[in-house]
Amino acid sequence: QEFGRNIKIPNPISVTLTMKQTSGPEQTYTTVKTRKIDRVKGTWTYTTLGNRHTTHIHRIDEIDGQVNLRWFLNRLNKNVFGYGFTKYGKKLQVLPIQECTGYDRIHYHLTLERPEHIHWIRFQDIIRKCWEKTPLGYNEIQIDKNIDRGWGQYITKFKMNGRYEDFIDYTNLVIIQK
């Protein structure tokens, strides 16, 4: 638990991002329009028939979560740094903690660096828009700029087989040592 608490991210904010439980539609419908002539009245009647087809449903797992968060962070960094992200590799610092709730919905608790050149309200909008554009982003997002010791304790409360480190998403961890 000390690892997560000892990481210092400048100008930190807390972000919780929730993911969908499945990908792919649960069911699709093929709509067929038919027309029928009423010869007595001389009118046309249109009838819409829906045929239900089931499709494959993919349960979201930890790897899908990591890929989706990477997609989000790339979009966010591109929005914040523009050309500096693509050419020079500028990135926001982030400590991502992955959690799976009792009903199997994966979500992330991020301690994220807020850039000083972007106003707080604008940065919230950027986060929300970037998350909405990810394929697995769910509409539950919480953003708070007031991080205290309680946030650090909250995100470090989880244990898997007694090892907190198993929850840190090292593939998306960005810490710059100065």
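The values are calculated or read from the model by the stated rules, or taken from the named source; none is laboratory data. Computed from a predicted model, the values in this text were never measured in an experiment. Because the Cβ atoms are built from the backbone with ideal geometry, glycine has one as well, and the counts that use them run over all protein chains shown. When the accessible area is computed, the model is the full protein with side chains, heavy atoms only, and any ligands, DNA or RNA have been set aside. Shrake-Rupley method; radii C 1.70, N 1.55, O 1.52, S 1.80 Å.
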Seminar exercise, completed: Listed by first then second residue, the pairs whose first member lies in segment 76-91 and is touching a residue at least 24 places away in the same chain (Cβ under 8 Å) and polar (S, T, N, Q), whose partner is open to solvent by 40 Å² or more (accessible area, probe 1.4 Å) and outside any loop (DSSP other than H, G, I, E, B), with beta carbons under 9 Å and at least 6 positions apart or on separate chains, are 79/129
For this session: Output the strands (runs of 3 or more DSSP E) that fall wholly within segment 1-115 and possess 1 or more residues being modelled with pLDDT under 90 and open to solvent by 50 Å² or more (accessible area, probe 1.4 Å), or say none.
Result: 27-38, 43-54, 94-100
